[in-house]
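Step one of this worksheet: look at the structure below.
The values are calculated or read from the model by the stated rules, or taken from the named source; none is laboratory data. Since the structure is predicted, the reported quantities are computational estimates derived from the model, not experimental observations. Cβ atoms come from the backbone with ideal geometry, glycine included; neighbour counts cover every protein chain shown. Keep in mind that these areas ignore ligands, DNA and RNA; they rest on the heavy atoms of the full protein, side chains included. Shrake-Rupley method; radii C 1.70, N 1.55, O 1.52, S 1.80 Å.
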Amino acid sequence: MQTSEYVFYSGSVEQTQALAEALAHKLTGGAVITLSGDLGAGKTSFVQGLARGLGVKRNVNSPTFTIIKEYQGTQFPLYHIDAYRLEDETEDFGLEEYVYGDGVTVIEWPEQITSHLPEERLHIRIEKRGETERNIYLIPHGERFVKLVKEVLA
């Protein structure tokens, strides 16, 4: 399957969060977003914008040491997973109940658990271009995510 790649230039944390918030307004329960980028690229900032768009009222921070954080949004939950510390891809931590559940699941460091990822997902890669500038690459896998990305970037 041919996948397209769309690029969004962000000049600030606020623009990154605004993109994520706009995406959140188009998401439905069961959506999976994989998120990659170097340390300090803005992954947590992106998830904070996504959470705001989903109606999450709590403070959102990185789940690095807990692996999974759950937040209740107005329509469905947000599951924020950090796979960085998983040492074995076969490690069973109940990922399927999140990925195939009713919430929106965001997985940071997805390359740690590639065999557990659903075919249909939106992959987002954030690259630093400067102190606050970022290139955000949106790579949809599946028609529903192609449509979603086109609507958000239109």
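For residues that are part of a loop (DSSP other than H, G, I, E, B) and of a type in the set (Lys, Arg), scanning just segment 13-68, find the one that is modelled with the lowest pLDDT. Among those that are part of a loop (DSSP other than H, G, I, E, B) and of a type in the set (Lys, Arg), it is Arg58.
Within segment 125-154, the set of residues being open to solvent by 40 Å² or more (accessible area, probe 1.4 Å) and either touching a Pro at 6+ places or on another chain (Cβ under 9 Å) or not in a helix (DSSP H, G or I) (or both) comprises Arg125, Glu127, Lys128, Arg129, Glu131, Thr132, Glu133, Lys147, Lys150, Ala154.
Go over the candidates Thr44, Thr3, Thr34, Thr28 one by one and state the one that is β-branched (Val, Ile, Thr), surrounded by fewer than 17 Cβ atoms within 10 Å (Cβ to Cβ) and within 21 Å of Glu70 (Cα to Cα). Among Thr44, Thr3, Thr34, Thr28, only Thr28 is β-branched (Val, Ile, Thr), surrounded by fewer than 17 Cβ atoms within 10 Å (Cβ to Cβ) and within 21 Å of Glu70 (Cα to Cα). Pairs linking a residue in segment 104-122 that is touching a residue at least 24 places away in the same chain (Cβ under 8 Å) to a residue that is assigned to a strand (DSSP E or B) and among the small types (Gly, Ala, Ser), with Cβ atoms under 7 Å and 6 or more positions apart or on different chains, are Trp109/Ser36; Pro110/Ser36; Glu111/Ser36. No other residue among Glu14, Glu21 is surrounded by 15 or more Cβ atoms within 10 Å (Cβ to Cβ), acidic (Asp, Glu) and farther than 16 Å from Val99 by Cβ apart from Glu21. Against the list (1) farther than 26 Å from Gly11 by Cβ; (2) open to solvent by 30 Å² or more (accessible area, probe 1.4 Å); (3) touching a helix residue (DSSP H, G or I) at 6+ places or on another chain (Cβ under 8 Å), the condition Ser62 fails is (1). Checking the stated criteria, Pro118 turns out not to satisfy the condition of being within 24 Å of Ala22 (Cα to Cα), at pLDDT below 85 and not in a strand (DSSP E or B). Considered as a group, the residues in segment 100-115 that are more than 12 Å from the chain's Cα centre (by Cα) and buried (at least 20 other Cβ atoms within 10 Å of the Cβ) include one that is modelled with the lowest pLDDT, and that residue is Ile113.
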